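Participant: After the structure tokens below, expect a handful of questions from me.
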Amino acid sequence: MKLNKLKLKNYSCFLDAVELNFGKGLNIVNAGNGYGKSKFLDSINWVISNQIFHGDVWKNADELDLYPLWYTNPDNKQYYEEKEVITEVTLEFTAPDIDNNIEKNTVWYFTKKRYHKREGTKLNRNRDELTIKYINNETGEQVILGKHREFDVIETLFPKALRKFMWFQGEAFKEISLSHDNKEFNKVLDTISHYPIYGKMVKRASKAIIKKENALTRLRREQRGLSNEQSENLYEKDRLLIKIPELENKLIPDLQSDIDDHENKIADYEDFLKNSVEYVKIDREIKQKESDIRHINQSIEEYEISKVNMLIKRWAIAGSKSHIESFQEKIDYIQNELNKIDNTKIPLHIPGPEMVQDMIDDMKCHICDREIPDEDHESYHALLKRLEVFKEGKKERWLRKNFDIFKRMKSNALSTHSEIEESIKNHKKKIQEKIRKRNKLNSEKDVFQDKLKGLSTSSNTTTGENYDLYFSKKQEKEKNLRNLKLRLGGLKNNLSKYKNKLKELNEEIRSFQTDNNDINLGEESLKYFEVLVDSLKKLEQDAKENLENEITHKSNSLFNIYYDNPGIKIKIKNGNVKLFDKSTDDEIDIRNLNKSQKEMIKFSVINSLLKLSNEKLGNSLPLIADAPTSSSEWTNTKYFTENVGDNFDQVILFSKDYIEQCEDPNVKTQLINLCLKQGGSWHWTQKVDKNGNSVGRKFDNPKSDSESKTVITESILK
Amino acid sequence: MMEESLISIIDNKKLYYGTSVRSLIELITRVQGKVDLDAQNIFGKHIHAFTWAFFTGLNRNKKEKKPEWEYKDTFSLGTIKRDGAEVVADVMIMVALNEFEINNIEEDFSKNSSIRELLNIISCYAEGGAKYILEIREGNDLNSKTYLNNIDDFYEEITNRLD
């Protein structure tokens, strides 16, 4: 079987008609988170089963809105004004012509439409309409399948038990437990094998035996001359024939199912708690790193603040060295001025400038008391000259004072500049050391944060706050489980006792001598029936073991293909998946595996079922997987991608795991070539706004669903 | 004939400044008019902002042409010296004197106008530096908008001047 085409119109985030064509072999559809990856698979489920996996459970699609929210946004005027909107999905398959000749393939078209009518801002579901058509191989004409045939055709082409493992790989993981009895898993085994026929035969034969037993008991009771003991035996047998089936068919299976539920829940809690412990541990590490970083930041700041005075009172002059050096010109200028001054010294015995000024004012020499005749007199000029000499001396002193200050200023500034150069460099070094330490802490913190992110995206996890709650829930379930197991033990014990008692009673009852031929013949025929039931049971057991061996073999070969060097062996026994160390043969506790290993093991088991379904049912189902490698490292994703195509006629992977790697054009080319070489295809989706511009993921913008649509930006098909 | 040294005359006259220096004072000091709540207001006094502005203007070669000085009742270089930043004030004077053309030292500096002219050189660098800082903060990128909000920026600026 091959899915040739998936066509969506007005479905969820796909607004106008979007078409994906697939080939055989490997097909990859690249879609980031929130870009509608799962919606492709939802649309297939809607058409085939009207069931959609939504919010962790399968839901009837009638309860869900499928139209694009784009229609509800008044900003998208043209769409908002539409009174009627039709959501339409068409699947085109190449599959066996089960309506005419199962040996031949034909082309099947499954088209489902949902009609909506607008009421205010909302679109209301009016009705759904499914049409199945196929090409008649003989006439080449399209034939519309009658409504009464639709159920049969769907069930034959896509058996219900297998469907969820085929279409919705991501959720199939939830349906298959590795550690406990699993109903879904066993349902698949029943679907793809012939041993259920033996089971049915056993049931039928067992019923016949009981019927015969009852008839014989009736005949015996009707006989005359029965002792009290014989009557009681017959009464007791009647009682046991009611009790045993009640235990076997109702009480024990119900209790077993209750126990399974408890065990599954406990396993979930254990996973949860394991992750929580890891989460809390990593969270603590991050908090420690953050505190260290805060501490360093604080110490940087405190250190810098302690140097603020230094910064503004000394370091501020950094870079001014050339200006300080240029100041020499002004020093030289004063030096020059000083040189110009007549350095004639005034003798000490000469009167001071004030006395000379007095003598000029009084026109009289106060030393010899002689008068100065007039201003032309030689003595008057002598006094004036003397006064000038005094003035020059004062100027010289002033200049010298400034000269000294200037020189000191320059020298101080220069030496301070050299000192601060050194201290600024030391300061920088100290800060850089602290920053280096901070960077190291930051990158260590990043590593922990990535780990935390991995934990929160890869599984259910919780913060420490919920830890206690889940721990007590787990304890409560464990306590209940112990009680349930005790009860089960009791019931099984009773069953075994009743069966033994019945056997004894039968022997005793059969030992009654009777002349009644009907009774004797009946007893004889019962023995044959019992031999037949035992043989059928043996056949059923053998067939089941054979099938489990086949699944074991296939699962291991797929696991080796999907996971590089796994070192683990898978074994299917009594409907359970068990794991063993390849080298030591020791059983491995599943809880000790990493998430990627667990998922790949499940993937291998599920795909071995699909693979076997091809052989057992003659219908090669394609593998259509949603994000199968989301928990794997790139090495394993690559290994898986390179090998998965070899095992199925068609594989379609919807994934985000190639997007980042495709930033390297070589990797992208290799992946495209890998798909095309097998006959497959390569697609790329993008979310855009009404102007066709790429928009962020819906998680970043909750309104984006009404403002954006998913489009196919790249489609390469061989 | 002047008795006082030229430097002590200069030291005692008040420095004038304009609106840009005023805004910078509000931005990076803890004095009155603390406008920018995000800024660290790292310095304690007006003179610190003035000093920072002056050396920014000097190193970035941003000297404002002589503006109208809105703020005249201010502080002197002596205040800066008494704050323990003598060398800083000295360098300011040296820069101003370098740019001042002396014809007759005695006559030139006996006039108030010459002293004011000299001090204006200092004020023009401070105003230019402050304006430059405020312009950076009006830039569009995030780093610009928070320039000098963090003490690291001051140290980085100083370190860069030596590189």
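Participant: My understanding is that a pair violates if its Cα-Cα distance is over 23 Å; which of A:Lys503/A:Lys527; A:Lys479/A:Lys602; A:Lys5/A:Lys718 do that in this structure?
Facilitator: Too far apart for the 23 Å limit: A:Lys479/A:Lys602.
Participant: Still on this structure: Can you grab the distance from the C-alpha centre of the stretch A:474-520 to the C-alpha centre of the stretch B:39-98, Å, no decimals?
Facilitator: 104
Participant: Lysines within cross-link reach of A:Lys437: Cα-Cα under 27 Å, excluding same-chain residues under 8 positions apart?
Facilitator: A:Lys281, A:Lys287, A:Lys289, A:Lys307, A:Lys425, A:Lys428, A:Lys429, A:Lys445, A:Lys451, A:Lys453
Participant: Determine the dipole magnitude for the stretch A:1-100: charges of +1 sit on the beta-carbon of Lys and Arg, -1 on that of Asp and Glu, nothing else is charged, the reference point is the Cα centre, and the result goes in debye to the nearest 20. It would help to have the intermediate numbers written out before the result.
Facilitator: On the way: 10 positive and 15 negative charges, 89 e Å.
Using only the charged Cβ atoms, the result is roughly 420 debye.
Participant: Reachable aspartates and glutamates from A:Lys578, Cα under 12 Å, same-chain residues fewer than 8 places away excluded?
Facilitator: A:Asp181, A:Glu548, A:Asp586, A:Glu587, A:Asp589
Participant: With just the Cα atoms defining each centre, how far is the stretch A:48-89 from the stretch A:578-598? Give it in Å.
Facilitator: With the stretch A:48-89 and the stretch A:578-598 each reduced to a Cα centre, they are spaced 43 Å.
Participant: Taking each residue in A:430-437, count the Cβ atoms of any other chain within 10 Å of its Cβ, then average. What number comes out?
Facilitator: Mean partner-chain Cβ count within 10 Å for A:430-437: 1.
Participant: Taking a ≥ b ≥ c as the square roots of the Cα gyration tensor eigenvalues, with a/c under 1.5 meaning rounded and otherwise prolate when a/b beats b/c, else oblate, which class fits the stretch A:38-85?
Facilitator: prolate
Participant: Where does the charge balance sit around A:Ser511 when Lys and Arg score +1, Asp and Glu -1, over other residues with C-beta under 13 Å from its C-beta?
Facilitator: Net charge in that neighbourhood comes out at -2.
Participant: Still on this structure, please answer the following. Return A:Val389, A:Val531 ranked ascending by Cβ neighbour count within 10 Å, so the fewest neighbours appear first.
Facilitator: Ranked by crowding around the Cβ, least crowded first: A:Val531, A:Val389.
Participant: Each residue of the stretch A:316-329 in turn: what ³J(HN,Hα) in whole Hz from Karplus with 6.51, -1.76, 1.60 and θ = phi - 60°, glycine and Pro shown as x?
Facilitator: Along the stretch A:316-329, the couplings run 4, 7, 3, x, 9, 4, 5, 5, 5, 5, 5, 4, 4, 4 Hz.
Participant: Go through the stretch A:571-656 and name the trypsin sites (Lys or Arg not before Pro) that are in a DSSP coil and have 15 or fewer other Cβ atoms within 10 Å of their Cβ.
Facilitator: Here the trypsin sites (Lys or Arg not before Pro) that fit, given the DSSP loop and packing criteria, are A:Lys582.
Participant: Give me a single rounded figure for A:300-313: the average over its residues of other chain Cβ atoms within 10 Å of their Cβ.
Facilitator: 5
Participant: If you add up the charges near A:Tyr115, with Lys and Arg at +1 and Asp and Glu at -1, over every other residue whose beta carbon is less than 15 angstrom from its beta carbon, what do you get?
Facilitator: +2
Participant: Arrange the following residues from fewest to most other Cβ atoms within 10 Å of their Cβ: A:Ser557, A:Ser276, A:Ser706. All intermediate terms of the calculation are to be shown ahead of the outcome.
Facilitator: Details: A:Ser557 15, A:Ser276 24, A:Ser706 18.
In increasing order of surrounding Cβ atoms, one gets A:Ser557, A:Ser706, A:Ser276.
Participant: Is there a simple number for the mean count of other chain Cβ atoms within 10 Å of the Cβ of residues in B:148-154, and what is it?
Facilitator: 3
Participant: Kindly rank A:365-373, A:3-11 from highest to lowest mean number of other beta carbons found within 10 Å of each residue.
Facilitator: Highest-to-lowest ranking by the protection proxy: A:3-11, A:365-373.
Participant: 222 nm [θ] for chain A, helices only, -39500 (n - 2.57) per DSSP H run of 4+, per residue, to 500?
Facilitator: Helix contribution divided over all residues of chain A: -20000 deg cm²/dmol.
Participant: Below 21 Å, Cα to Cα, which lysines can A:Lys77 reach? Residues fewer than 8 away in the same chain don't count.
Facilitator: Qualifying lysines at Cα under 21 Å: A:Lys9, A:Lys117, A:Lys122, A:Lys687, A:Lys690, A:Lys703, A:Lys709.
Participant: With +1 on the Cβ of every Lys and Arg and -1 on the Cβ of every Asp and Glu, and nothing else charged, how large is the dipole of the protein assembly as shown about its Cα centre, in debye rounded to the nearest 20?
Facilitator: Dipole about the Cα centre, nearest 20: 3360 debye.
Participant: Rounded, prolate or oblate: which one fits the stretch B:31-162, using the alpha carbon gyration tensor with axes a ≥ b ≥ c (rounded when a/c is under 1.5, else prolate when a/b beats b/c, else oblate)?
Facilitator: Details: a/c = 1.99, a/b = 1.86, b/c = 1.07.
In terms of gyration-tensor shape, prolate.
Participant: Still on this structure, please answer the following. For the stretch A:573-718, what relative contact order do you get, as a whole percent, if you take Cα pairs closer than 8 Å and at least 6 residues apart?
Facilitator: 15 percent.
Participant: Excluding A:Lys281 itself, calculate the net charge of residues whose Cβ lies under 14 Å from the Cβ of A:Lys281, where each Lys or Arg counts +1 and each Asp or Glu counts -1.
Facilitator: Net charge around A:Lys281: +2.
Participant: In addition: Quickly estimate the mean residue ellipticity at 222 nm for chain B, helices only: each DSSP H run with n ≥ 4 gives -39500 (n - 2.57), and the total goes over all residues, rounded to 500.
Facilitator: -18000 deg cm²/dmol
Participant: Turning to a different aspect of this structure: Does anyone have the angle between helix A:517-562 and the longest principal axis of chain A? Alpha-carbon axes, 0 to 90°, nearest 10?
Facilitator: 20
Participant: Would you work out if the stretch A:577-653 is rounded, prolate or oblate? Take a ≥ b ≥ c from the square roots of the eigenvalues of the alpha-carbon gyration tensor; rounded if a/c is under 1.5, else prolate when a/b is larger than b/c, oblate otherwise.
Facilitator: oblate
Participant: Also: For the stretch A:265-348, which chymotrypsin sites (Phe, Trp or Tyr not before Pro) are both in a DSSP coil and crowded by at most 10 other Cβ atoms within 10 Å?
Facilitator: Here no chymotrypsin sites (Phe, Trp or Tyr not before Pro) fit, given the DSSP loop and packing criteria.
Participant: Long-range amide H contacts for A:Ile568: which residues qualify at under 5 Å (H placed 1.01 Å from N, peptide plane, sequence gap of 5 or more or a different chain)?
Facilitator: For A:Ile568, the qualifying residues are A:Lys582.
Participant: Here's a follow-up. Non-local amide H neighbours of A:His54 (under 5 Å, H modeled in plane, Pro and chain starts lacking H): which ones?
Facilitator: A:Lys59
Participant: Related question: State the answer as a single residue: which of A:Leu539, A:Ile282, A:Trp398 lies farthest towards the positive end of the charge dipole of the protein assembly as shown, with beta carbon charges of +1 for Lys and Arg and -1 for Asp and Glu, about the Cα centre.
Facilitator: Final value for the positive-end residue is A:Leu539.
Coordinate-derived values only; no laboratory data. From a predicted model like this one, the values you see are computed outputs, not experimental measurements. Positions of Cβ are backbone-derived with ideal geometry, glycine not excepted, and every protein chain shown enters the neighbour counts.
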